[in-house]
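What follows is a single structure, written as structure tokens, with notes after it.
Values in this text are rule-based calculations from the coordinates and carry no lab data. Since we're looking at a predicted model, the values are computed, not measured. Cβ sites come from the backbone with ideal geometry, for glycine too, and all protein chains shown count toward neighbours.
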Amino acid sequence: MPENSHNPEVQLIPPIGIIAGGGPLPVSLAKAVIKSGQNVFICALEGYGDPELNNFPHHWVSIQSVEEIINQLKLANCQKIVMIGNIRRPNNIGKLPGKDGPDKAAAQLASVGGGDDQILSGAASFLEALGFSVIGAHELIPENLIGNGAVGKHVHATDNIADIAKGFEVLNVMGNLDVGQAVVVCGGHVLAIEAAEGTDEMLKRVAFLRKDGAIHTSGGVLVKKPKSGQDMRFDMPVIGPVTVELVAAAGLSGIVVHANNVLCHDLQGLIAHADELGVFVEGTTPSTNGKVAN
């Protein structure tokens with residue numbers, strides 16, 4: 001499909017605008033939206049977006065060119081916007097991907113202080129001030145949320161219950177500090193906390209520590225939930241088949257997430273991997289004190 005292959009004049013229903021960063025979720029979202037009978041138009045961020053985004057109506061744009069992103073979304077007649085996918089926040093705005101320097105709007109957004117949540121909230125407010133409606137991916141693909149209970153054939157053992165509770169307790173504290181969304185707990189010990197590297201790299205670190213003999217206990221769980229007060233329209237926690245593979249490689253027993261608050265970009269693939277690798281994947285509802293509802 002050629003770049004910028006949209007024609008607003010023949011579109012009766014405005015397409016969903018997707019500002020797409022890295023990772024598989026923007027592609028999965030686009031496929032799901034089209035399957036539901038709606039159209040999409042993607043502003044794919046150079047240096048981040050998956051090449052498969054070329055299969056949809058799209059326009060590649062530098063993350064430094066916010067004004068061009070706005071113009072393309074308006075040209076495509078988009079009204080609802082989803083911001084989704086990974087981007088890396090540099091220390092220096094001049095290091096953002098793109099051959100030209102940042103435009104005025106990009107510089108303004110990049111100068112926002114605070115953590116990622118503050119930056120994303122600022123970007124959403126910027127778009128809404130221009131008349132767009134910023135929505136979350138889960139509003140378009142609610143069937144991809146991990147609900148209560150197991151999503152595969154494996155379930156947690158009694159030995160995992162205390163680790164799950166401790167994981168949620170740690171995440172409650174981390175979330176208040178805007179630190180991360182995931183933690184690995186085994187035998188009552190916190191083996192790893194997610195920081196800027198993301199969940200996948202954290203799991204690779206646990207696998208390395210196990211291989212290196214630094215971790216002597218077996219089993220353990222990955223626990224994942226949104227940060228406290230997080231705007232669920234963007235940066236919603238995500239897991240997928242690769243998460244299951246990395247959990248198994250790290251010698252962990254399973255994954256537990258905050259039910260209906262974590263998105264899966266390929267639910268059927270995740271279930272197949274979990275069943276094959278003997279990993280349990282479950283959603284549950286933690287209380288504010290870290291205890292887990294049965």
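Structure data summary
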read-out: Within segment 127-151: backbone nitrogen closer than 20 Å to the K80 label point (7 Å, Cα to C-beta); value: 127-146
read-out: Segment 217-257 and segment 127-184: distance between their alpha carbon centers, rounded to Å; value: 8
read-out: Built amide H within the under 5 Å cut-off of F41, gap 5+; value: I16, G17, I18
read-out: Potential lengthening between V190 and E143 on full extension [0.36 nm per residue; Cα-Cα distance subtracted]; value: 13.8 nm
read-out: ³J(HN,Hα) computed for each position of segment 267-283 - Karplus, 6.51 cos²θ - 1.76 cosθ + 1.60, integer Hz, glycine/proline x; value: 5, 5, x, 4, 4, 4, 5, 5, 5, 6, 8, x, 9, 8, 10, 9, x
read-out: 20 Å tail of the calculated P(r), segment 198-255, as % of Cα pairs; value: 31
read-out: Three principal axis lengths of segment 150-224 [C-alpha, angstrom, descending]; value: 31, 29, 23
read-out: Protection proxy ranking, peptides 240-247, 197-204, 271-278, 219-226, average beta carbon neighbours within 10 Å, highest first; value: 219-226, 240-247, 197-204, 271-278
read-out: Viscosity 1.567 mPa s, 4 °C: Kirkwood-radius Stokes-Einstein D of segment 150-194 over Cα pairs, µm²/s; value: 115
read-out: Cα-based Kirkwood hydrodynamic radius, segment 145-284, one decimal, Å; value: 14.6
read-out: Cβ-Cβ FRET estimate between A249 and A162, R0 fixed at 25 Å, reported to 0.05; value: 0.60
read-out: Residue pairs, from the table K80/K204; K31/K224; K80/K166, whose Cα atoms sit over 29 Å apart; value: K80/K204; K80/K166
